[in-house]
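Written below as structure tokens is the structure these notes are about.
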Amino acid sequence: WWLDRSHWAWRLRRCAETRTNALLISHPHPFPALIEVPRMPEAAYFPPEHLQRLREHFTWILDQAEQYGVRVYFLTWNIWVSPGLAKVHGIPQEGPDSELVREYTRRCYRTLFETYPKLAGIMTMAGEAPPGCVDFVRQAIVSALNDLPAKPELLFWIWCSYPEDAKVVFDEYKGRSSLVHYLQYEQFFRPQADPRIRRASDALGGVPVVTLAQERPVSRQT
């Protein structure tokens with residue numbers, strides 16, 4: 001379905017019909033399936049010819065989304081490396097914090113937004129693999145985004161962390177940023193907003209908060 005342009009045309013048209021102005025896509029962190037990591041050929045997921053096909057297709061998605069007034073974001077998990085990089089350097093794929101991995105992540109983020117300038121931004125968190133990795137977010141992700149001349153929007157998902165963790169990230173980032181709170185289960189049926197939304201915003205000096213809910217799958221025939 002990823003390479004099915006009719007699927008994306010339908011999805012983006014549906015976003016416009018429902019007045020949805022943003023689309024959040026989960027993607028393996030940190031994006032070597034869509035970019036060529038500078039000076040790290042071992043990080044590649046795919047051979048060059050297939051990577052080029054994916055790059056052309058994702059550029060087309062972003063162009064189409066722009067026409068429908070839809071901003072596209074990626075949601076990532078923090079410390080995660082490609083299988084090739086893990087094998088060559090003898091490290092696990094999930095959670096290996098080291099200077100090598102931080103530099104790899106910085107290169108990935110810079111190259112991602114240089115390759116796709118129409119990508120609106122990124123959502124990340126200080127968890128969950130591993131929890132509490134605020135320093136990694138600050139040094140490997142925020143520092144890379146700060147290097148970009150046109151800074152993307154940074155959405156910090158307060159999952160597995162606390163407002164004081166988000167404050168470290170927000171204080172460091174020079175671009176636009178928002179806090180994200182995930183609505184779950186019984187919160188949908190209460191006659192009030194989740195009080196943690198306001199508490200988190202107040203704790204950070206009134207930063208904007210995005211409340212995120214997961215959409216139920218809908219068939220194309222519905």
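The values are calculated or read from the model by the stated rules, or taken from the named source; none is laboratory data. Everything quoted here is computed from the prediction, not taken from an experiment. Glycine gets a Cβ as well: all are built from the backbone with ideal geometry, and neighbour counts include every protein chain shown. For accessibility, only protein heavy atoms count, side chains too; no ligands or nucleic acids. Shrake-Rupley method; radii C 1.70, N 1.55, O 1.52, S 1.80 Å.
Summary of computed values
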| quantity | calculated |
| --- | --- |
| In segment 169-222, residue modelled with the highest pLDDT [restricted to those that are polar (S, T, N, Q) and assigned to a loop (DSSP other than H, G, I, E, B)] | 192 |
| Residue, nearest to residue 58 (Cα to Cα), within segment 153-168, restricted to residues that are outside any strand (DSSP E or B), open to solvent by 10 Å² or more (accessible area, probe 1.4 Å) and touching a Leu at 6+ places or on another chain (Cβ under 8 Å) | 158 |
| So residue 62, is it open to solvent by less than 50 Å² (accessible area, probe 1.4 Å), of a type in the set (A, V, I, L, M) and free of Cβ contacts under 8 Å to residues at least 24 places away in the same chain | no |
| Tally of residues being under 15 Å from the mean Cα position of the chain (by Cα) and open to solvent by 30 Å² or more (accessible area, probe 1.4 Å) across segment 116-137 | 3 |
| Only listed residue being under 30 Å from residue 126 (Cβ atoms), under 18 Å from the mean Cα position of the chain (by Cα) and surrounded by fewer than 17 Cβ atoms within 10 Å (Cβ to Cβ), chosen from 26, 82 | 26 |
| Any chance residue 51 is crowded, with 17+ Cβ neighbours inside 10 Å, without any contact (Cβ under 8 Å) to a residue 24 or more places away in the chain and among the hydrophobic types (A, V, I, L, M, F, W, C) | yes |
